[in-house]
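Right, one structure below, let's go through it.
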Amino acid sequence: MSLNEIDIHAALKKYFGFSQFKGLQEGVVKNILEGRNTFVIMPTGGGKSLCYQLPALMQEGTAIVVSPLIALMKNQVDAMRGVSAEMGIAHVLNSSLNKTEIKQVKKDITDGTTKLLYVAPESLTKDENVEFLRSVKISFVAVDEAHCISEWGHDFRPEYRNLKAIVARLGEDIPMIGLTATATPKVQEDIIKNLGITDATVFKASFNRPNLFYEVRTKTDNVDADIIRFIKQNEGKSGIVYCLSRKKVEELAQVLQVNGISAVPYHAGFDAKTRSKYQDMFLMEDVNVVVATIAFGMGIDKPDVRYVIHHDIPKSIESYYQETGRAGRDGGEGHCLAFYSYKDIEKLEKFMSGKPVAEQEIGNALLQEVVAYAETSMSRRKFMLHYFGEEFDEINGDGADMDDNTRNPKEKVEAKDDALK
Ligand code: ADP
Ligand code: MG
């Protein structure tokens, strides 16, 4: 090991208590320490935060971390304060701070105490912040959840689009790090172009989840009964059932309860107290099942979710991957079952018809991929990974027989599949 490697491992142990890096982390950390532009694509839970936190802690100056959600930033700041005795090691800079707090943040940065400064893109456009940040040493700028840059992503935020110009105002040649769990090539291109990091070293982890079994069933009028049967066959296990509408969430949760299944509903229409009550009931295993809209799941880490059922097909493969990804986090079994009817696709199309044309076009293109996934007779894992720009060997690959099509091949191969192959 080079001195550098010894240092990195020692720092990993010192700050995080880990003796090993996960996946591609070590390479990323080294690349950032060498001052290079870096692009990191890893699935959720892959350990992206450490990729910039560790080099930030090891380097001189302050790293700026751009993040879309206050809650995410606060979590990370708390976590960083846990690894160091120094309160000022990490700060959030946003409009909620009062004058005294801002003064403290600036003092800690100037002193060299603050290694990580979390900001929303808006905060970086404020003249007073720009002026201050220009005057201090910035180690690098990390853009977390970088897919927010792209209209092809699932969480487009226009204020992410000017980051390149904004960072250029802070100083010359500040290395930029983009990080995302969005694996689609379109989104990646957008990120690289937008951040102006065409020279970045790209680290892309595999998105294969070999322990997840993928299945699509035709959705009939008896879908609720089908779901009940599935849940009863999986008695005692934890599962999530996703529905498109709040109304359906409440209805289905009730139907399940009436059928003797312990279930709670979850959607953004409940107040915060009710939401956290239901969420806790699921996490603490007072109930087995949560019936939810997509509002449920962000940042939820229940390792032993054994199945994820989609009562309604999602609006993109990307969303489907994220939502099913909540199953089998512990590496154990995870059954991903989607109910599909073309009527639901038409419903989703209708939802979009009020939106701007460009948005509709993107939405429809994403939806067509969902149709292709649902109707394909090829390995669903291969289909999904191909969508993410990843080759998958459907004979010998990890998890090769873990889908309905591979286990029970259909006779007819549709033209679409040939085109894909
Ligand atoms: P992501 O942002 O990619 O979704 P996170 O940065 O939130 O992932 O990390 C996910 C989890 O992995 C966290 O609980 C973190 O503590 C853990 N983790 C990260 N790196 C390591 C490591 N080298 N060894 C063990 N656990 C790790
Ligand atoms: Mg993250």
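Every read-out reported here was derived from the displayed coordinates using simple, explicitly stated rules and does not represent laboratory data. What you are looking at is a predicted structure, and each value in this text was computed from that prediction instead of being measured. So basically every Cβ, Gly included, is an ideal-geometry build from the backbone, and we count neighbours across all protein chains shown.
Brief remarks follow.
- Strands (runs of 3 or more DSSP E) enclosed by the stretch 159-229 - at least 1 residues per element that are touching a residue at least 60 places away in the same chain (Cβ under 8 Å) and basic (K, R): 201-204, 212-218
- Residues that are surrounded by 15 or more Cβ atoms within 10 Å (Cβ to Cβ), over 16 Å from S67 (Cα atoms) and either touching a Leu at 6+ places or on another chain (Cβ under 8 Å) or not small (G, A, S) (or both), drawn from the stretch 131-140: F132, L133, V136, I138
- Total residues in the stretch 42-79, condition within 10 Å of ligand 1 (Cβ to nearest atom) and crowded, with 23+ Cβ neighbours inside 10 Å: 6
- For the stretch 337-356, filtered to residues that are free of Cβ contacts under 8 Å to residues at least 24 places away in the same chain and acidic (D, E), the residue that is surrounded by the fewest Cβ atoms within 10 Å (Cβ to Cβ) is E346.
- Check on S96, away from ligand 1 (no atom under 15 Å from the Cβ), polar (S, T, N, Q), surrounded by fewer than 20 Cβ atoms within 10 Å (Cβ to Cβ) and over 27 Å from the mean Cα position of the chain (by Cα): no
- Residue within the stretch 191-200 that is touching a Gly at 6+ places or on another chain (Cβ under 7 Å) and within 16 Å of ligand 2 (Cβ to nearest atom) present: yes
- For G88: the one exception among (1) touching a residue at least 12 places away in the same chain (Cβ under 8 Å); (2) within 15 Å of ligand 1 (Cβ to nearest atom); (3) of a type in the set (G, A, S); (4) under 16 Å from L116 (Cβ atoms): (2)
- Lone qualifier among G17, G61, G82 - being among the small types (G, A, S) and either within 21 Å of the chain's Cα centre (by Cα) or closer than 20 Å to F140 by Cα (or both): G61
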